[in-house]
Amino acid sequence: GNWVFGCDICQTVCPFNRFSRPTAEQDFWPAAVDVAMPKLESLLTLTEEQFERRYSSSPIRRIKRARLIRNACIAAGNWGHVSLIQPLSILLEDPAPIVRGHAAWALGQIRGEQTGKHLENAFELETDPQVKSELEVAIANRTLGWKYDG
């Protein structure tokens with residue numbers, strides 16, 4: 001789905017929370033909507049420095065930038081909107097293989113015309129075998145028009 005980070009699902013299924021009641025206490029409200037629910041594009045374009053600045057005192061910091069961006073790539077691929085082709089294509093050059101591989105997967109899910117050239121260019125330059133494999137599947141997915149569920 002579009003879940004990027006958080007343990008809210010844990011709160012939903014926790015048996016102890018069946019006794020909880022909604023509160024109007026403002027201390028439990030998010031400080032800002034863009035912090036609680038950032039736009040996918042803002043996460044996909046997050047540099048290491050921006051990540052450190054934005055999440056230095058947040059639990060998100062412990063998963064580090066690469067895993068947060070990986071999660072954002074998955075959400076982007078699940079959404080499949082062409083507006084995310086550009087930030088995802090830039091991530092094909094990210095230093096972290098986990099980010100490059102998930103950006104490739106996400107681009108393979110998007111049916112935009114531009115995705116093919118980005119994936120093919122990245123395939124030619126990629127040296128990591130796992131990322132190269134993900135690029136191969138994304139290219140096939142895009143050219144054959146089927147959705148890979150692996």
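The values are calculated or read from the model by the stated rules, or taken from the named source; none is laboratory data. If you're wondering where the values come from, they're calculated on a predicted model, not measured in any experiment. Glycine gets a Cβ as well: all are built from the backbone with ideal geometry, and neighbour counts include every protein chain shown. Note: areas computed on protein heavy atoms with side chains; ligands, DNA, RNA excluded. Shrake-Rupley method; radii C 1.70, N 1.55, O 1.52, S 1.80 Å.
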Along the range 124-132, what does the Karplus equation 6.51 cos²θ - 1.76 cosθ + 1.60 (θ = phi - 60°) give for ³J(HN,Hα), rounded to whole Hz, x for Gly and Pro?
5, 8, 5, 10, 6, x, 5, 5, 4
I want to make sure I understand the PRE zone here: with the label point 7 angstrom from the Cα of V137 toward its beta carbon, which residues in the range 109-126 have backbone N atoms less than 20 Å away?
109-112, 115-126
Between N17 and S57, how high is the FRET efficiency from 1/(1 + (r/R0)^6) when r is the Cβ-Cβ distance and R₀ = 25 Å? Nearest 0.05.
0.45
Which value, in Å², gives the accessible area per residue of the chain when a 1.4 Å probe is used on the protein heavy atoms?
67 Å²
First compute the accessible area of the chain with a 1.4 Å probe, then give the percent of it belonging to carbon and sulfur atoms.
55 percent
First check a/c for the range 33-74, with a ≥ b ≥ c the square roots of the eigenvalues of its C-alpha gyration tensor; if it is under 1.5, answer rounded, and if not, answer prolate when a/b is larger than b/c or oblate otherwise.
rounded
Cut-off 12 Å between beta-carbons: net charge of the residues surrounding F123, Lys and Arg +1, Asp and Glu -1
-2
To the nearest 0.05, the calculated FRET efficiency linking W29 and I98 through their beta-carbon distance, R0 being 41 Å, is 0.80
Taking R0 as 41 Å, what's the FRET efficiency between K39 and T127 from their Cβ-Cβ distance, rounded to 0.05?
0.80
With unit charges on the beta carbons (Lys and Arg positive, Asp and Glu negative) and the dipole taken about the Cα centre of the chain, which residue among V13, I90, L46 sits farthest to the positive side?
V13
Which trypsin sites (Lys or Arg not before Pro) in the range 48-125 sit in a loop by DSSP (not H, G, I, E or B) and have at most 15 other Cβ atoms within 10 Å of their own Cβ?
R111
Relative to the chain, whose Cα atoms define the longest principal axis, helix 64-79 and its Cα axis are tilted in degrees, nearest 10, by 70 degrees
Rg(Cα) / (2.2 N^0.38 Å) computed for the range 54-114, rounded to two decimals
1.14
Just one of (i) 1.05; (ii) 0.91; (iii) 0.96 is Rg/Rh (Cα atoms, Kirkwood Rh) calculated from these coordinates, so which is it?
(i)
Which residue, P38, P22, P129, has the most motion in a Gaussian network model of the chain that connects Cα atoms within less than 10 Å?
P22
With axes computed from alpha carbons, what is the tilt in degrees of helix 97-109 against the longest principal axis of the chain, rounded to the nearest 10 within 0 to 90?
80 degrees
Could you give the size of the charge dipole of the chain about its Cα centre, using +1 on the Cβ of each K and R and -1 on the Cβ of each D and E, expressed in debye and rounded to the nearest 20?
440 debye
